[in-house]
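Working notes, structure below.
The values are calculated or read from the model by the stated rules, or taken from the named source; none is laboratory data. Just so it is clear, the model here is predicted, and its values are computed rather than measured. Positions of Cβ are backbone-derived with ideal geometry, glycine not excepted, and every protein chain shown enters the neighbour counts.
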């Protein structure tokens, strides 16, 4: 017991070493580009925080500092100079916060407007409950030059949560099996040979539709109406169509025969008309005879 008390007293007398309790600053949020001006909200009441902007060119994994945006205290920086660094003007941008030598997790920027390096898309409710459809175009400039090697990567997740799931597609795609009644957000970025290219389009959110169950006043759901809809045609066939057909086949056979008789009729005087005259007369052929000189019965010859 005495040993524990001495340890507490010694620890209270030891001065704290600066920097041992420091933690990295919070990463910037909502980093976006508008007309090549990169902006993000200021850090909430955090002093001595600076920011550094980096870019990555087309089809590259190397991040380079933007010279005009290194250790700046403001929350915006023009990045038009980076456009010429990438093929087709396509670059990716990210920002990280710094304080006393400690850096935050870098956050990639998105673009609010579609251009040759940023896809433009629309988000709508899917045809089935629990799905969303991302409408994409195949006629963008990268696809015209690189064909199907240029695709879209669609990131999605619940609103307020990280968008960790993604799906790759050439054109429009439907995301199934989402939680109904929840809002989901989607971001889209170009791909070149499965490598992210250019600034991604900023997130757009949509409510996932739910299945609607139609109920009748009696309290039965739509399954009861489906059963009734299937039984009614069977009853009509058994009690209406079949008896009518049987009546006509048994008692109206003559009428049916008259209905089936061809419409053409011979004239009543067809067989009573005058026999045609001036028909060609066929004369018998001329006969050729042989003259017998004599003939006598057998008895006379005896």
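Remarks
- Strands (runs of 3 or more DSSP E) within segment 30-70 that include 3 or more residues buried (at least 16 other Cβ atoms within 10 Å of the Cβ): 50-56
- Listed by position, the strands (runs of 3 or more DSSP E) contained in segment 128-179 that have at least 1 residues being in contact with a helix residue (DSSP H, G or I) (Cβ under 7 Å, 6 or more places away or on another chain) and surrounded by 13 or more Cβ atoms within 10 Å (Cβ to Cβ) are 150-158.
- Residue match in segment 79-94 (condition: more than 26 Å from residue 150 (Cβ to Cβ), in contact with a helix residue (DSSP H, G or I) (Cβ under 8 Å, 6 or more places away or on another chain), outside the structural domain of residue 189 (by TED's automatic domain parsing) and modelled with pLDDT of 90 or more): no
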